[in-house]
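Notes follow the structure.
The values are calculated or read from the model by the stated rules, or taken from the named source; none is laboratory data. Computed from a predicted model, the values in this text were never measured in an experiment. Heads up, the Cβs are rebuilt from the backbone with ideal geometry, glycines too, and the neighbour counts pull from every protein chain shown. Each accessible area value is taken on the protein alone, full model and side chains, heavy atoms only, with ligands, DNA and RNA left out. Shrake-Rupley method; radii C 1.70, N 1.55, O 1.52, S 1.80 Å.
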Amino acid sequence: MTQFKRLGGTAALAILLGAGYAIAQSGHHGHGGHGGAENPYAAFKDRQIKALSPEQEADLRQGKGMGLALAAEMNGYPGPMHVLQLADQIGLSADQRTRVDALFTRMKTEAVAAGGQLIALERELDKEFVARSITAGSLARLTKDIGVSQGLVRSTHLRYHLETVAVLSPEQIAKYNTARGYTR
């Protein structure tokens, strides 16, 4: 939470809105079939946490990026995992590999913790609805906490893209972008 507070009001709000939208949309299939026999949500009935697919939950538990850092990735700020995967192609030195590996390890640790927190909050929200114990107050608290948690997951991944760029030369970033297919 401390890391999140350092972002400032406007940046924090942007992250919250973007992360919430990205996570919500990644499992959304639309509202088609009103009045028809098909309900796009019927397949969700067996989910342990209705708002998260099993894949989303697994990705959060494993600290995966889930596309949350695309703003950085697609604008010339490589992330540590992909930099390590392309280390030979972009000419990382031994020192750079060590530094980027340390960034990746820290990012993974933080992302797993943040993802676990988000899963716990989503589970709590779901349980309150199941138990029919949800109130306006608990709804407000939980959805606010979920939004902050989503923002923390996203900001964690984005921050490590910033830190990774500081380790690389402009030439290495150009080689990275080419290797990833972002430039020709």
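Observations
- Where labels lie 7 Å past Cα in the beta-carbon direction, separation of ASN75 and ARG61 in nm: 3.4 nm
- Its relative contact order, with pairs defined as Cα atoms under 8 Å and 6+ residues apart, puts the stretch 36-114 at 37 percent.
- Debye intensity ratio I(q)/I(0), log10, the stretch 34-103, q values 0.14, 0.19, 0.23 Å⁻¹ (C-alpha model): -0.65, -0.87, -1.04
- Rolling a 1.4 angstrom probe over the stretch 87-184 with all protein chains present gives an accessible area of which 57% lies on carbon and sulfur atoms.
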